[in-house]
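Notes to accompany the following structure.
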Amino acid sequence: MKLRILAVGRARAGPEAALIAEYQKRLHWPLAIEEVEEKRPLSVAELKAREGALLQAAIDRGAPKGGGRPVLVALDERGKILGSRDFAARLKAWEEQGAPEILFLLGGADGLSLINTIKSIIGVDLNHLTPLPRVGVKGTNGGYCGPAVKPIALHMVAALARNPGVKIPISGIGGISNWRDAAEFIALGSTSVQVCTAVMHHGFRIVEDMIEGLSNFLDEQGMKSVNELRGRAVNAFTEWGELDLNYKVIAKINADTCIGCQKCYTACLDGAHQCIHTAAGPCRAWHGEPDHGQNARLEASPAVLHQPDVFGAKPGVRVPVVDEAECIGCNLCALVCPVDGCITMEEVSAGAPAQTWNDRMKAAE
Ligand SMILES: Cc1cc2nc3c(=O)[nH]c(=O)nc-3n(C[C@H](O)[C@H](O)[C@H](O)COP(=O)(O)O)c2cc1C
Ligand code: SF4
Ligand code: SF4
């Protein structure tokens, strides 16, 4: 007796492929695995029909010559699950009945789920010098999940949603903790979303809050169902070379809510364009000719003691001031500001028509 597995799709190198190879060695019967694949971007219905035809053709191609009827097993997640002992007994019975071949059919995927977790080492136990989590004298990697993986998951979901070859539904997973997260995954092409870490933190009730929040959002947007939201942000993705370089935002500090911590001043000074000025003490921001950050800023010192009204900074007042002509809108100050909404990025006209990096490169050719 021979065993044959006919599967839609391609098994990639990985733990599953290693397991298959291991079982293949241990099996008492010869095992052949044949994979069939349809690469054309067909509709779901066409794809399923085509996969069926490919499987049928593979069955016919490999039909055993000679006597006995092969046994055909179509695997389906709704089918009966056999334990390994029962499965072995079933194979043995088929062999005793004289079946020349047992043929297992594996259909194509009904959907794609991503991204699960990302392999990671969460730290090192510096007393034992082992990776964490430590188990005795050893440690190993774990799977990173929760809010930290959300941007990675969104990027991957969006990449699949943009791929015209992907016709089956996508289920978004990774760091979904509230209705906004769910809405973002849906807007980038997810048909459903899954939640694990947030439920572990807050319990299943969080899902009710998510449904309520999402439902209110859809009402506000005048959308009748999530289907109207699905994929709506997919086409707004483009490569960086296609972004408008003349789109301009600048940082605005709300003096009424600012607590004068100077974090934005330091961040812009050391990490951005030295265009936030302080009058709380010596100011090392850029005081040269406005050049929109084109020249090296080594001359940021000596420090300047601001006179009243230089960029509007008032001596002794700890609210910093943005030199709007020099701000390049990098957003760093808004990210470091500890007061919610105190620094906002506001759109201003650049006074020039839209132009992308790719446009500039073409013009320079
Ligand atoms: C403690 C724990 C156990 C998990 N076990 C499995 C598992 O057995 N199989 C699986 O496919 N994913 C497992 N996952 C991954 C989750 O299903 C989910 O894909 C991942 O945690 C990302 O979603 P999240 O950010 O909402 O947690 C596990 C996650 C956690 C935190
Ligand atoms: S947006 Fe960037 S360049 Fe502009 S003020 Fe903030 S940190 Fe400086
Ligand atoms: S970081 Fe925010 S709160 Fe602190 S000084 Fe800057 S604007 Fe004010």
>> What distance in nm lies between label points placed 7 Å from Cα along the C-beta direction at D340 and D270?
In response: 2.8 nm
>> Going Cα to Cα from K65, which lysines come in below 16 Å? Please leave out same-chain ones fewer than 8 positions away.
In response: K2
> Where a Cα-Cα gap under 16 Å defines reach, which aspartates and glutamates qualify for K138, not counting those fewer than 8 residues away within the same chain?
Replying inline: D125
>> Quick check on my link table: of K119/K252; K39/K119; K25/K80; K167/K224, which ones sit more than 32 Å apart, alpha carbon to alpha carbon?
In response: K119/K252
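Trypsin sites (Lys or Arg not before Pro) within region 14-103: which are DSSP loop residues with at most 12 other Cβ atoms inside 10 Å?
On the way: sites: K25, R26, K39, K48, R50, R61, K65, R78, K80, R85, R90, K92; in loops: K39, K65, R78, K80.
Those that pass, being in a loop and sparsely packed, are K39, K65, R78, K80.
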>> Please rank H273, H28, H202, fewest neighbouring Cβ atoms within 10 Å first, as an exposure proxy.
In response: H28, H202, H273
> What does the charge dipole of the chain about its Cα centre add up to, to the nearest 20 debye, if the Cβ of each Lys and Arg holds +1 and the Cβ of each Asp and Glu holds -1?
Replying inline: 1800 debye
>> Could you work out the pair-distance distribution P(r) of region 226-284 from its alpha-carbon pairs, with 5 angstrom bin width and percents rounded to whole numbers?
In response: 4, 12, 16, 14, 11, 10, 11, 11, 7, 2, 1, 0
>> I want to check the label-to-label distance for K314 and L19. Put each point 7 Å from Cα in the C-beta direction and report it in nm to one decimal.
In response: 6.9 nm
> For L243 and A93, what is the calculated FRET efficiency with R₀ set at 45 Å and r taken between the beta-carbons, to the nearest 0.05?
Replying inline: 0.10
> Any idea which of C283, M345, G316 is furthest toward the positive side of the dipole for region 240-365, if Lys and Arg beta-carbons carry +1 and Asp and Glu beta-carbons -1?
Replying inline: G316
>> Quick check of the Kirkwood formula: for region 240-365, what is the inverse mean of 1/r over all pairs of different Cα atoms, in Å?
In response: 15.5 Å
> Looking at region 1-93, which GluC sites (Glu not before Pro) are DSSP coil and have at most 15 other C-beta atoms within 10 Å of their C-beta?
Replying inline: E37, E77
> Where nothing but the Cβ of Lys and Arg (+1) and of Asp and Glu (-1) is charged, how large is the charge dipole of region 240-365 around its Cα centre, in debye to the nearest 20?
Replying inline: 380 debye
>> I need the phi-derived Karplus couplings for region 249-263: 6.51 cos²θ - 1.76 cosθ + 1.60, θ = phi - 60°, integer Hz, Gly and Pro marked x.
In response: 10, 10, 7, 10, 9, 8, 4, 6, 9, 4, 9, x, 6, 6, 4
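Laboratory data are not the source of any read-out in this text; all were calculated from the coordinates shown. What you see is a predicted model; the values in this text were computed from it and never measured. Methodologically, a virtual Cβ is constructed for each residue, glycine included, from the backbone with ideal geometry; neighbour enumeration extends over all protein chains shown.
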